[in-house]
Amino acid sequence: MPTFTTADVDAIILAGGRAVRLGGRDKGALVYEGRTLIERALAAAASASHRVVVGDPATAAVPSGVRVVREEPMFSGPASAVMAGVDALAEAGSTATWVFVLACDVVRSAELTGALLAGAERHPDADGVVPIDQESRRQLLVGLYRVSALRASRDGIGDVANISMKRLLEPLSLVELPDDGYASADVDTPEQAQALGIELPATAPATASVTAPAQAPSIADARLLAHELGAARPASVHRAGLAAAAGLTLADDVTSPSPVPAFANSAMDGWAVAGNWPWRLGEPIHAGDDVRHRSLEPGCASPIMTGAEVPAGTWAVVRSEDGVVAPVGTGAGEWELSLRPGLGDPREGHHIRPAGEEAAVGEVVLHRGEVLTPPRLGFAAACGCDDLPVRVPPTVDLVVVGDELVASGASGAGRIRDALTPQLVPLIEGAGARSGSVGQVRDQTADIRAAIERSAGDLIIVTGGTSIGTADHTRGVLESMGVRVVIDGIAMRPGRPALVAVLQRGTVAICLPGNPLAAMLAALVLLGPMVEGMLGRPLTRLPLIRLAADIPNPRQGSLLVPCAFGPDGRAKPTGWADSGMVRGLALADTVAILPQGGASQEDRLPALPLAWSRP
Ligand SMILES: Nc1nc2c(c(=O)[nH]1)N[C@H]1C(S)=C(S)[C@@H](COP(=O)(O)OP(=O)(O)OC[C@H]3O[C@@H](n4cnc5c(N)ncnc54)[C@H](O)[C@@H]3O)O[C@H]1N2
Ligand code: MOO
């Protein structure tokens, strides 16, 4: 039983921030999947007792009955807006214990509200529940908070204008709710809006071409964008036999065609027994025997093998080491079974695996989006499945650009051995995609364009030529092809100049810088999430690691550092980590993501996992 009902819960929709990165547009009025962001947030809190929007009363379009209030002073920040909402709810006569705070730009908050309520029910002493995203950031603007705790915090602080949400929530004891699917992500940039298909009214230029200025997304945002872009691709589905399905992704939920186990069976070698002992011994039962026409009479026992079906009437199974068989009376060829001295009567069902213990007929046993691991294939077989609905892995074509590159032998005399193809092809396969055509092309606009146009892949990876040198043509080629750019640079080094664009025919192109470490790091950020999206898998959460020593990062954006784990489990830089190098990553177990400003040994840092390395 819920400890509180939704009548105890109000909602504050935050819709009044200055959307600076969106060119100052009114975020609440943007339309996602047919509804404005304010409408979506209100719908996410549809069951709330009272709902209030904190935004601009002059422009916010809300249904009748929903109040719009404004924080004082205007634009004094989210904490101030939340408390304006709390006051407005009290004025409206609400006495609810809990309040949802939903920023309208968290377009998928509806996916979280149920879990937030459940979290508050599970933790009755908590002051709030907040999602924690894949980069271990608390998403405070899509939370459920105890109203009295918010008020008490404000009373302690005094003026909440321009204080952070973190500060307002400091005294609250919050429970974290893992948000594995990025449902708590907000729409901050034109790229994110575009990736979601949100049209931006023309108050400011949206990113229309490769050269349009755009803010480089963080690694977290780049992963999210790549995943969303992948997920937007139409799914291709087929049925695969179990052997062929290994490692593929389920396209649909799978229900069990039979109960597991299909029949009640013995968990031990011993005797099936019925009634009181001593039991008279009957015919043995072997695994595979059909016992539908047999039944065990009271006072009888049948020797039974592990896994054999127990006949009707069986009370329990006695293990072979727990029973003693002796001739009956003077020994007329009949035998009886007794329990060893000191053992109590068997309890009903002892050592019997009941039918349907693991799965019932028709029960969903495997879920859409799950990868078919060896144990899941075994489970599918046990359920009686012969083939499964799976997603067809996307094909990824690789175009390696560079006049100087050679495919074999040593570098020298202006020739550089191609060090990317040998690592990108297995990276593609390891991500769950199929490697398609692999070709090297010259630094010529026409050649690069022809390679991209020829590709029949679901995704094209182009390496090299992303920079601004006279021989760097990749950007120009894309521009001339009228692509839609989704990512133009990632706020990280090495790997900053990566580009993600959607061709007019809908195929996605990932352009990686030519420097080998930069290319691999950008590929590690973008490729896995994009393929996960294409396969209908959730976005993998980044693992958290600890450093062996502090590492500074005085420059802008994240610094990516290939590291090896020491015996103490701490990550130590491998060295050889300049953008043009290849050795450092070859020695690495993980890649630490250092935020701007650096990180200390105390921090738990997100890292790019390397699928081939030990954890
Ligand atoms: N004036 C500026 N120059 C550069 C900038 C900049 O901002 N201003 N950015 C630098 C950064 S950061 C990177 S990363 C690189 C990106 O370069 P490109 O994507 O244009 O790549 P290329 O010029 O084609 O090659 C760079 C380097 O990598 C070698 N390479 C290329 N492909 C391979 C391969 N398959 N295997 C091995 N090595 C490869 C190539 O020979 C060059 O040495 O630009 C900086 N410059
Ligand atoms: O970003 Mo470049 O990728 O630093 O080397």
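Mind checking which residues of the range 378-408 are under 20 Å from S437 (Cα atoms), part of a strand (DSSP E or B) and touching a Leu at 6+ places or on another chain (Cβ under 7 Å)? Within the range 378-408, V396, L398, V400 meet the criteria. The lone criterion from (1) in contact (Cβ under 8 Å) with a residue 12 or more places away in the chain; (2) surrounded by fewer than 21 Cβ atoms within 10 Å (Cβ to Cβ) left unmet by A81 is number (2).
Residues checked against (1) under 45 Å from the mean Cα position of the chain (by Cα); (2) farther than 30 Å from D253 by Cα:
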{"position": "G288", "(1), (2)": "yes, yes"}
{"position": "E297", "(1), (2)": "no, yes"}
{"position": "T306", "(1), (2)": "yes, yes"}
{"position": "V328", "(1), (2)": "no, yes"}
{"position": "E334", "(1), (2)": "no, yes"}
{"position": "P346", "(1), (2)": "no, yes"}
{"position": "G356", "(1), (2)": "yes, no"}
{"position": "A360", "(1), (2)": "yes, no"}
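In a residue-by-residue description of the range 453-472, the property of being under 27 Å from the mean Cα position of the chain (by Cα) and over 24 Å from P538 (Cα atoms) applies to at least one position.
Residue-by-condition table, conditions (1) of a type outside the set (A, V, I, L, M); (2) assigned by TED's automatic domain parsing to the domain that holds A81; (3) free of Cβ contacts under 8 Å to residues at least 24 places away in the same chain; (4) over 29 Å from E39 (Cβ atoms):
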position: S136; (1), (2), (3), (4): yes, yes, no, yes
position: V142; (1), (2), (3), (4): no, yes, no, no
position: A152; (1), (2), (3), (4): no, yes, yes, yes
position: D159; (1), (2), (3), (4): yes, yes, yes, yes
position: S173; (1), (2), (3), (4): yes, yes, no, yes
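Within the range 530-551, the set of residues being among the aliphatic types (A, V, I, L, M) and assigned to a helix (DSSP H, G or I) comprises M530, V531, M534. Among the residues of this structure, S338 does not count as one that is out of contact with any helix residue (DSSP H, G or I) (no Cβ under 6 Å at 6 or more places or on another chain), surrounded by fewer than 13 Cβ atoms within 10 Å (Cβ to Cβ) and of a type in the set (S, T, Y).
For the range 252-274, indicate whether the set of residues that are touching a helix residue (DSSP H, G or I) at 6+ places or on another chain (Cβ under 7 Å), in a loop (DSSP other than H, G, I, E, B) and buried (at least 19 other Cβ atoms within 10 Å of the Cβ) is non-empty. Looking through the range 252-274, at least one residue is touching a helix residue (DSSP H, G or I) at 6+ places or on another chain (Cβ under 7 Å), in a loop (DSSP other than H, G, I, E, B) and buried (at least 19 other Cβ atoms within 10 Å of the Cβ).
Apart from one condition, S153 fits all of (1) out of contact with any Pro (no Cβ under 9 Å at 6 or more places or on another chain); (2) farther than 30 Å from R25 by Cα; (3) buried (at least 19 other Cβ atoms within 10 Å of the Cβ); the exception is (1).
If the condition is being more than 16 Å from ligand 2 (Cβ to nearest atom) and within 23 Å of G528 (Cβ to Cβ), then the range 440-466 contributes I452, S455, A456, G457, D458, L459, I460. If you go through the range 503-529 and keep only what is assigned to a strand (DSSP E or B) and either modelled with pLDDT under 95 or near ligand 1 (Cβ under 9 Å from one of its atoms) (or both), you end up with C511, L512.
For G469, state whether it is in a loop (DSSP other than H, G, I, E, B), within 16 Å of ligand 2 (Cβ to nearest atom) and buried (at least 22 other Cβ atoms within 10 Å of the Cβ). It is false that G469 is in a loop (DSSP other than H, G, I, E, B), within 16 Å of ligand 2 (Cβ to nearest atom) and buried (at least 22 other Cβ atoms within 10 Å of the Cβ). The set of residues in the range 443-467 that are within 11 Å of ligand 1 (Cβ to nearest atom) and either out of contact with any helix residue (DSSP H, G or I) (no Cβ under 8 Å at 6 or more places or on another chain) or not assigned by TED's automatic domain parsing to the domain that holds V406 (or both) comprises D443, S467. Whether any residue in the range 576-584 is in contact with a helix residue (DSSP H, G or I) (Cβ under 7 Å, 6 or more places away or on another chain) and without any contact (Cβ under 8 Å) to a residue 60 or more places away in the chain is what I want to check. Scanning the range 576-584, I find at least one residue that is in contact with a helix residue (DSSP H, G or I) (Cβ under 7 Å, 6 or more places away or on another chain) and without any contact (Cβ under 8 Å) to a residue 60 or more places away in the chain, so the answer is yes. From L499, L535, grab the single residue that is more than 13 Å from ligand 2 (Cβ to nearest atom) and either in contact (Cβ under 8 Å) with a residue 12 or more places away in the chain or surrounded by 17 or more Cβ atoms within 10 Å (Cβ to Cβ) (or both). The match here is L535. From the list A588, A611, the one residue that fits, being in a loop (DSSP other than H, G, I, E, B), among the hydrophobic types (A, V, I, L, M, F, W, C), more than 14 Å from ligand 2 (Cβ to nearest atom) and modelled with pLDDT of 95 or more, is A588.
Here is the figure for the range 173-217: residues that are surrounded by fewer than 19 Cβ atoms within 10 Å (Cβ to Cβ), in a loop (DSSP other than H, G, I, E, B) and modelled with pLDDT of 90 or more total 1.
Hey, any hits in the range 364-376 for a residue that's part of a loop (DSSP other than H, G, I, E, B) and either among the basic types (K, R) or more than 23 Å from the chain's Cα centre (by Cα) (or both)? Yes; the residues of the range 364-376 include at least one that is part of a loop (DSSP other than H, G, I, E, B) and either among the basic types (K, R) or more than 23 Å from the chain's Cα centre (by Cα) (or both). Would you point out which residue out of L117, L112 is assigned to a helix (DSSP H, G or I), in contact (Cβ under 8 Å) with a residue 24 or more places away in the chain, touching a Pro at 6+ places or on another chain (Cβ under 7 Å) and under 16 Å from L144 (Cα atoms)? Result: L112 is the single residue among L117, L112 that is assigned to a helix (DSSP H, G or I), in contact (Cβ under 8 Å) with a residue 24 or more places away in the chain, touching a Pro at 6+ places or on another chain (Cβ under 7 Å) and under 16 Å from L144 (Cα atoms).
Checked against (1) within 26 Å of the chain's Cα centre (by Cα); (2) in a loop (DSSP other than H, G, I, E, B); (3) over 16 Å from S184 (Cβ atoms), D105 meets all criteria but (3).
Here T540 qualifies as away from ligand 1 (no atom under 16 Å from the Cβ), more than 26 Å from T474 (Cβ to Cβ), touching a residue at least 40 places away in the same chain (Cβ under 8 Å) and polar (S, T, N, Q).
Pairing residues of the range 514-528 that are under 17 Å from V561 (Cβ atoms) and touching a residue at least 12 places away in the same chain (Cβ under 8 Å) with residues that are within 12 Å of ligand 2 (Cβ to nearest atom) and among the acidic types (D, E), at Cβ distances under 9 Å and at least 6 apart in sequence or on separate chains, gives N515/D578; L517/D578.
The values are calculated or read from the model by the stated rules, or taken from the named source; none is laboratory data. All values derive from a computational prediction rather than experimental measurement. Cβ sites come from the backbone with ideal geometry, for glycine too, and all protein chains shown count toward neighbours.
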